[in-house]
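**Student:** One structure, as structure tokens, below. Some questions next.
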Amino acid sequence: MKFPAPVSLSWVATLINAELVGTTDKPATGINEIHKVEAGDLVFVDHPKYYITCLESAASFIIINTKDVTVPEGKALLVVDSPFEAYQTITNHFRPFQPSNKSISDSAIIGEGTTIMPHVYIGNHVNIGKNCVIYPNVTILDYTIIGNNVVIQAGTVIGGDAFYYNTKKNREAWFKRMNSCGNVIIEDNVEIGCSCTIDRGVSASTIVGKGTIIDNMVQLGHEVVIGKNCLIGSQVGIAGVTTLEDGVTLWGQVGVSKTLTIGENAVVLAQAGVNKTIEGNKTYWGTPVMNAKDKQKENVWVKRIPALWKKVMEADS
Amino acid sequence: MKFPAPVSLSWVATLINAELVGTTDKPATGINEIHKVEAGDLVFVDHPKYYITCLESAASFIIINTKDVTVPEGKALLVVDSPFEAYQTITNHFRPFQPSNKSISDSAIIGEGTTIMPHVYIGNHVNIGKNCVIYPNVTILDYTIIGNNVVIQAGTVIGGDAFYYNTKKNREAWFKRMNSCGNVIIEDNVEIGCSCTIDRGVSASTIVGKGTIIDNMVQLGHEVVIGKNCLIGSQVGIAGVTTLEDGVTLWGQVGVSKTLTIGENAVVLAQAGVNKTIEGNKTYWGTPVMNAKDKQKENVWVKRIPALWKKVMEADS
Amino acid sequence: MKFPAPVSLSWVATLINAELVGTTDKPATGINEIHKVEAGDLVFVDHPKYYITCLESAASFIIINTKDVTVPEGKALLVVDSPFEAYQTITNHFRPFQPSNKSISDSAIIGEGTTIMPHVYIGNHVNIGKNCVIYPNVTILDYTIIGNNVVIQAGTVIGGDAFYYNTKKNREAWFKRMNSCGNVIIEDNVEIGCSCTIDRGVSASTIVGKGTIIDNMVQLGHEVVIGKNCLIGSQVGIAGVTTLEDGVTLWGQVGVSKTLTIGENAVVLAQAGVNKTIEGNKTYWGTPVMNAKDKQKENVWVKRIPALWKKVMEADS
């Protein structure tokens, strides 16, 4: 997330009770987790395994639990005991949990010609464009941005918290949810089916690109980015921080793993499991996913095993 | 859909600005897309590849973008530049989008002894029979017909728009949704679980037959027809225009492709992918689906490959 | 379910018009179906195939449609024509269907610091602890018990009726739902995603253990018991009466069959199908599920079939 305005590093250090090391005269413009970090951002790291990745990332300011690292030129450390708690403190400050008790929050903006049907919830700071239709029992949570001519069918949930936890097995609870301070952006002319769930980003945006159409019961994880004019079949699930380039087609019940990319105009056939980045302009199938024609051939080869067995046994006798 | 009353062909021609060719003295009784067309119906076709199919279909009146075809005896053409737009105009005329802003629309009819729980939405022209229970947060959209003794559990959506688009890649938006002017019919004694989605037909009806029971999170596409006394497990998805005959059992997470038929009393085991029409009174499994026993044997054969390899390598040496 | 207080067996016999046989002087303390039965319980059986199982179960009192069995010492029979109808009569007596027409029923108890957002339904006798957040459009049905610090995201349904039917193919309707007189228990610090469905037990409790986190669109069947600190990925489905021990991880779209156990700290990779009890502290994959490494090797072996074929054919020529 970007802050509403740049803040001085000393203000941040005071907020989270941190010791400053390095180049501390530039302001911080936002905070992001490592997958989505940009120059001017704060990032946090608490495991030595990831120290270097974070120090060498685009982030300008690293919230860290050691002083025993080399600070890259022009960057600063904010040294604390628990970087995770510091992250929670900062994001809570800028995006505190403020549930609205109204069906449509006072801070929501709704464009001309947009229809909001009964039992819809629209949270704080939501911005919906013109000529949209929001069907009954839809939930649109805080900070969601929706373009023009968007259709969201009944029962869909936009902007749920990311399924993104810090694992601390030595605590009473093993998991602690990271605050979701990101949002969801739905671009113009998108149509979303019934009972879909589109989670907000942990620190950045989950995006559905212009003209994309989504069938019923589709699940999009945090910071998923769907390109323009994609077609997503029913009961598809896409895990966090994965990108679909423009014109991708996923048929029903496809599962897509996290942090990968599906190339432009790729087609993935029903029930496939995409476990790695795949190139565009090809058709895929199977779990794990492979070229669809190769998968069909493989299925034929499997059916030949009995004949092969017979031949080998005959040769043997 | 059938029109409320037959209309003269000249009235239709004026509505969509069409030139009439052929036998134009009979009235039109309805409009359907090609999968569901009947005598008296209008149908539309805009791609030369499908001209013959539509001209030879049961439809009496063909909305088409050419005069350069032979008109079958007793039929008429309605010649326009964009048959798709003409279809949208006609269906919009008879079933315009009229969102109700009430939880239960004024035109809904609800039978004696039926319980409607809080946060339920019931749209225009919905007809619900006697002694039904509609649990909280259910959405029942326009023109749905529900019989007697039906249970619909919480969060389910009945009558969402079909996921059925006209693809026009040369436009700004690649996809344009066809108006769903069909409906959903739920027969007597059906029980539907929580958070299911049952889409309305594009031009005909999606039907769930008498006595069928459906578990949670089941997705039924447009114009799916489920027979009597079927059992549909959780998280099953069935694509558009597919038929299940009576007594079919689908276990959890089964996926069924479009426009196929599953025969009477067939059983499909969990997670299978049904990609073709299958006969009744048999048990199936696997993706793509096959006889369940054969699939089990195939799984055993796969486990013998290492032994086969060893034998061949030994023979070789 | 346990009765609010123990009841005399003669009172039960009068209620269901049963003939008593055996040791009838002890009170009945509850009623359960065979998977969950305890001493003091009533159980019912109508098929000779299961007579012995029920007579030898922990149940003290057997509702049965024969006198022609040996009554175990200290137990009693309640002989009726239709044991199933007797079960329905008893459970209806203690837990009749009483839909609330309020968003939050009068008998619901909600702890301090708990936030209930708009369009939430909370049924009769629901008990929610402190500092929970219940997001919009959530449905929580009768008798559900929720601990402290629980998060339930938008659109989720807790306490739907079990998908558990008595099959009577000779009737007009093939299926008759057994009354769900059980409930759902969500322990402290559990977090449940958007649009999940967690069914109540038929006669006992569906339980989600302390600290467990559940992603969006997860389906838990009746009497599923999830241990502490489990992680359940999106679109997972778990069928009835299955147990996950503590610390189990299921990735996205995993399906788990009924009445089995997944051992402590087991990990099941995405899209797998768990069809049998599996040991803890191992990683699994595939449909049907197997050791994940073995499955990976099997996938490699399948790709060697063409080479094997070539070798055999060459040897042959």
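**Student:** With the requirement that a residue be assigned to a strand (DSSP E or B) and either outside the structural domain of B:Ser234 (by TED's automatic domain parsing) or not β-branched (Val, Ile, Thr) (or both), what does region B:277-303 give you? Working first, answer last.
**Tutor:** Taking region B:277-303 first, the residues assigned to a strand (DSSP E or B) are B:278, B:283-285, B:290-291.
Of everything in region B:277-303, those that are assigned to a strand (DSSP E or B) and either outside the structural domain of B:Ser234 (by TED's automatic domain parsing) or not β-branched (Val, Ile, Thr) (or both) turn out to be B:Tyr284, B:Trp285, B:Met290, B:Asn291.
**Student:** Further, regarding this structure: Condition check: closer than 22 Å to A:Gln253 by Cα and out of contact with any helix residue (DSSP H, G or I) (no Cβ under 6 Å at 6 or more places or on another chain). Does B:Val241 satisfy that? Outline the logic, then answer.
**Tutor:** Numbers: closer than 22 Å to A:Gln253 by Cα: yes; out of contact with any helix residue (DSSP H, G or I) (no Cβ under 6 Å at 6 or more places or on another chain): no.
Judged against the criteria, B:Val241 is not a match.
**Student:** Take the residues in region C:239-261 that are on the phi > 0 side of the Ramachandran plot and surrounded by 21 or more Cβ atoms within 10 Å (Cβ to Cβ); name whichever of them is nearest to the other protein chains (Cβ to nearest Cβ). Give the derivation first.
**Tutor:** As a first pass, look at region C:239-261 and keep what is on the phi > 0 side of the Ramachandran plot: C:241, C:247, C:253, C:259.
When the remaining residues are screened for being surrounded by 21 or more Cβ atoms within 10 Å (Cβ to Cβ), the result is C:241, C:247, C:253.
Details: C:Val241: 14, C:Gly247: 8, C:Gln253: 5 Å.
Ranking the candidates gives C:Gln253 first.
**Student:** Checking A:Tyr143 against (1) within 12 Å of chain C (Cβ to nearest Cβ); (2) of a type in the set (Phe, Trp, Tyr); (3) farther than 25 Å from B:Val138 by Cα, which test does it fail?
**Tutor:** Every listed condition holds for A:Tyr143 apart from (1).
Conditions tested, residue by residue: (1) touching a residue at least 40 places away in the same chain (Cβ under 8 Å); (2) under 15 Å from the mean Cα position of the chain (by Cα); (3) crowded, with 22+ Cβ neighbours inside 10 Å.
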{"residue": "C:Thr115", "(1), (2), (3)": "no, no, no"}
{"residue": "C:Tyr121", "(1), (2), (3)": "no, no, yes"}
{"residue": "C:Thr144", "(1), (2), (3)": "yes, yes, yes"}
{"residue": "C:Asp161", "(1), (2), (3)": "no, yes, yes"}
{"residue": "C:Phe175", "(1), (2), (3)": "no, no, no"}
{"residue": "C:Ile186", "(1), (2), (3)": "yes, yes, yes"}
{"residue": "C:Cys194", "(1), (2), (3)": "yes, no, yes"}
{"residue": "C:Thr197", "(1), (2), (3)": "yes, yes, yes"}
{"residue": "C:Gly201", "(1), (2), (3)": "yes, yes, yes"}
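**Student:** To continue, here is another question. Identify, from the list B:Val138, B:Val133, the residue that is within 14 Å of chain C (Cβ to nearest Cβ), closer than 20 Å to B:Ile110 by Cα and surrounded by fewer than 20 Cβ atoms within 10 Å (Cβ to Cβ).
**Tutor:** So the residue among B:Val138, B:Val133 that is within 14 Å of chain C (Cβ to nearest Cβ), closer than 20 Å to B:Ile110 by Cα and surrounded by fewer than 20 Cβ atoms within 10 Å (Cβ to Cβ) is B:Val133.
**Student:** Name, by its number, the condition in (1) outside the structural domain of C:Ser195 (by TED's automatic domain parsing); (2) out of contact with any Phe, Trp or Tyr (no Cβ under 8 Å at 6 or more places or on another chain) that does not hold for C:Gly129.
**Tutor:** Going through the list (1) outside the structural domain of C:Ser195 (by TED's automatic domain parsing); (2) out of contact with any Phe, Trp or Tyr (no Cβ under 8 Å at 6 or more places or on another chain), C:Gly129 breaks only (1).
**Student:** Now a separate question. Among the residues of region A:112-150, count how many are in a loop (DSSP other than H, G, I, E, B) and farther than 21 Å from B:Lys102 by Cβ.
**Tutor:** Of the residues in region A:112-150, 16 are in a loop (DSSP other than H, G, I, E, B) and farther than 21 Å from B:Lys102 by Cβ.
**Student:** Within region A:1-58, count every residue that is surrounded by 15 or more Cβ atoms within 10 Å (Cβ to Cβ), under 24 Å from the mean Cα position of the chain (by Cα) and among the aliphatic types (A, V, I, L, M).
**Tutor:** Of the residues in that region, 9 qualify.
**Student:** Select from region B:230-261 the residues that are touching an Asp or Glu at 6+ places or on another chain (Cβ under 6 Å) and closer than 17 Å to C:Ala173 by Cα and list them in ascending order.
**Tutor:** Answer for region B:230-261, where residues must be touching an Asp or Glu at 6+ places or on another chain (Cβ under 6 Å) and closer than 17 Å to C:Ala173 by Cα: B:Glu245, B:Asp246, B:Gly247.
**Student:** A follow-up question, please. Would you mind telling me which numbered condition in (1) modelled with pLDDT under 95; (2) of a type in the set (D, E, K, R); (3) surrounded by fewer than 17 Cβ atoms within 10 Å (Cβ to Cβ) B:Asp106 fails?
**Tutor:** Exception for B:Asp106: condition (1).
**Student:** Still on this model: Tally the residues that are within 23 Å of A:Ser105 (Cα to Cα) and either of a type in the set (A, V, I, L, M) or at the interface with another protein chain (Cβ under 8 Å from one of its Cβ atoms) (or both), restricting the search to region C:101-130.
**Tutor:** 11
**Student:** Still on this model: For the condition within 30 Å of B:Pro4 (Cα to Cα) and among the basic types (Lys, Arg), what is the one hit in B:Lys258, B:Lys169?
**Tutor:** Criteria check complete, one pass: B:Lys258.
**Student:** Still on this structure, I have one more. Exactly one of these conditions fails for A:Ala86: (1) modelled with pLDDT of 95 or more; (2) farther than 25 Å from A:Tyr165 by Cβ; (3) surrounded by 15 or more Cβ atoms within 10 Å (Cβ to Cβ). Give me its number.
**Tutor:** (2)
**Student:** Here's a follow-up. I'm checking my understanding of the structure. Among residues of region B:281-317 that are facing chain A (nearest Cβ under 9 Å) and touching a residue at least 12 places away in the same chain (Cβ under 8 Å), which one is surrounded by the fewest Cβ atoms within 10 Å (Cβ to Cβ)?
**Tutor:** Looking at the filtered set, the residue picked out is B:Pro288.
**Student:** Same structure again: Being under 19 Å from B:Tyr165 (Cβ atoms) and assigned to a loop (DSSP other than H, G, I, E, B) is the filter here; which residues of region A:238-248 pass it?
**Tutor:** Scanning region A:238-248 gives A:Asp246, A:Gly247, A:Val248.
**Student:** In region C:170-190, what count of residues is obtained for those that are closer than 15 Å to C:Gly227 by Cβ and of a type in the set (Asp, Glu)?
**Tutor:** 2
**Student:** Kindly provide the set of residues from region C:249-276 that are under 18 Å from the mean Cα position of the chain (by Cα), under 14 Å from C:Val225 (Cα atoms) and not in a strand (DSSP E or B), ordered by number.
**Tutor:** C:Ser257, C:Lys258, C:Thr259, C:Leu260, C:Gly263 - these are the residues of region C:249-276 that are under 18 Å from the mean Cα position of the chain (by Cα), under 14 Å from C:Val225 (Cα atoms) and not in a strand (DSSP E or B).
**Student:** Name the residue, out of C:Asn179, C:Asn148, C:Asn166, C:Asn131, that is within 30 Å of C:Ser82 (Cα to Cα), in contact (Cβ under 8 Å) with a residue 12 or more places away in the chain, out of contact with any strand residue (DSSP E or B) (no Cβ under 8 Å at 6 or more places or on another chain) and not basic (Lys, Arg). So that I can check it myself, show each step before the final result.
**Tutor:** Values: C:Asn148 fails: within 30 Å of C:Ser82 (Cα to Cα); C:Asn166 fails: out of contact with any strand residue (DSSP E or B) (no Cβ under 8 Å at 6 or more places or on another chain); C:Asn131 fails: within 30 Å of C:Ser82 (Cα to Cα).
Going through C:Asn179, C:Asn148, C:Asn166, C:Asn131 in turn, the sole match is C:Asn179.
**Student:** If a residue must be closer than 30 Å to A:Pro96 by Cβ and among the small types (Gly, Ala, Ser), how many such residues does region A:210-236 contain?
**Tutor:** Number of matching residues: 1.
**Student:** Here's a follow-up. Name the residue that is surrounded by the most Cβ atoms within 10 Å (Cβ to Cβ), counting only residues in region A:59-83 that are in contact with a strand residue (DSSP E or B) (Cβ under 8 Å, 6 or more places away or on another chain) and of a type in the set (Ser, Thr, Tyr).
**Tutor:** A:Ser60
**Student:** If you check B:Pro306 against the conditions, is it assigned to a loop (DSSP other than H, G, I, E, B), more than 18 Å from the chain's Cα centre (by Cα) and at negative phi?
**Tutor:** Criteria not met by B:Pro306.
**Student:** Of all residues in region B:264-276, which are surrounded by 18 or more Cβ atoms within 10 Å (Cβ to Cβ), under 26 Å from B:Val202 (Cβ atoms) and not hydrophobic (A, V, I, L, M, F, W, C)?
**Tutor:** Selection gives B:Gly273 alone.
The values are calculated or read from the model by the stated rules, or taken from the named source; none is laboratory data. This structure is a prediction, so every number in the text was calculated from the model and none was measured. Because the Cβ atoms are built from the backbone with ideal geometry, glycine has one as well, and the counts that use them run over all protein chains shown.
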